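Here the structure is laid out as structure tokens; the discussion comes afterwards.
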Amino acid sequence: MPFEPLRTDEQLKEPVKPGADMDQAMLAGCTGFVVASFASYCLVVWPFFSFQSAEHLRVLLLCCSVGMIPALVLASAASRRAGMAGACGAVAGAMATSVFLYLRLQQVFLAARARQAPEANYPESFVWLIPTVWILLNVLAAVVFAPRPREERDGKELQ
């Protein structure tokens, strides 16, 4: 047959490159999502288990900087490397992390009220402020570092 591998009678000037395999694209997207979400969660949570005295502002800032800065770098890299799946995975990990942060900081204030732990030396508004800012930072990183369609990068309008 003269027109292999297309099996048509259309004559082409050059050979056609095979497109991306849908199964590989789905597997890559799912893997990017899971790795980004799980890794960002683990990066932020581990300092809170290592440094137990979260009622001190210095320890809270240390835990946040040691965990959140690498997690934001990971979110940026995942958004760039895995595209929208990586960006959504990083945001999903940030949402799970924010629940952890809210519960951990709430635990500090509840223990202080019950007189089982020393009072925190930072405002109680940090209980909801830190998780909210963390989610917003991850959404911002996902938006900034997610790859754009080629038409947007070239400055052309979509028709």
Taking the Cα centre as origin and putting +1 on Lys and Arg beta-carbons and -1 on Asp and Glu beta-carbons, what dipole magnitude results for the chain, to the nearest 20 debye? 580
Exposure proxy check on M84, M22, M68: fewest-to-most Cβ neighbours within 10 Å is M22, M84, M68
Separation between the L140 and F109 pseudo-spin-labels, each 7 Å from Cα along Cα→Cβ, expressed in nm? 2.3
Could you please rank M26, M95, placing first whichever residue has the fewest other Cβ atoms within 10 Å of its Cβ? M26, M95
Calculated P(r) tail over 30 Å for the chain, as whole % of Cα pairs: 38
Could you please rank Y41, Y102, placing first whichever residue has the fewest other Cβ atoms within 10 Å of its Cβ? Y102, Y41
Could you give the radius of gyration (one decimal) and Dmax (whole number) of the Cα atoms in segment 65-125, in Å? 15.8, 48
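Bear in mind these aren't lab numbers, they're just calculated from the coordinates by the rules spelled out. The shown structure was predicted, so the numbers you read here are calculated from the model rather than taken from an experiment. Neighbour counts run over all protein chains shown; Cβ positions are idealised from the backbone, glycine included.
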